[in-house]
Amino acid sequence: MSQCFHQFRVRIIHIISACAYIAIGRFVDSSEEDRVFERAAELFALLSTPVRLRIVHDLMGGERTVSQLIESVGASQPNLSQHLATLYRSGLLSRRRDGVHMLYRIAGDRLAALTQWLEAQGAMRADGSDHKEKP
C-alpha cells in the first residue's frame, strides 16, 4: 500500500470517527458503521455549500443576528434565511428572539468538535506535520 493511500485512509478513518461523534454524540464500534456513514453523509450534505460553511464559521465566534450574518456572509436576506432555516431544522443551529431581532448560534458542542478537528487538520497540513504519519 502506498504511503499516499495510507495517509488518505487514515484521514478518512479520522473523519468518520469525528462524524460518528458529531452524528450520535459518541464514538462507535464496527456494528454501528452503516448508521454512522449515513449520518455523516447527512452532515456533510448540510455543510456542502460555501454559504453554510461561512454561516457556521461566523457562528463559531458566538451568537449573531441575521443582519450581522448578511453583512459577514455576503448573501441576500432571502438566501441566507433559507440556509439558516435548513441548518436550524437539522439541529445544528439554535435561535432565540431578542425584541425584533432573531439571533442564531451553534446548537450544542458537537459541531464545534468537528470544526476544531478540521482546524487541527488544517494546522497539521500548514506545518507539514501530516507527512509524519507512518504506514
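The values are calculated or read from the model by the stated rules, or taken from the named source; none is laboratory data. In this text the structure is predicted, and so the values were computed from the model without any measurement. Positions of Cβ are generated from backbone atoms using ideal geometry, with glycine treated the same way; all protein chains shown enter the neighbour counts.
Do we find that residue 53 is over 25 Å from residue 99 (Cβ atoms), in contact with a Ser or Thr (Cβ under 7 Å, 6 or more places away or on another chain) and modelled with pLDDT of 85 or more in this structure?
No: the conditions fail for residue 53.
Please state which one of 61, 74 is exposed (fewer than 15 other Cβ atoms within 10 Å of the Cβ) and modelled with pLDDT of 90 or more.
On the way: 61 fails: modelled with pLDDT of 90 or more.
That would be 74, the only listed residue that is exposed (fewer than 15 other Cβ atoms within 10 Å of the Cβ) and modelled with pLDDT of 90 or more.
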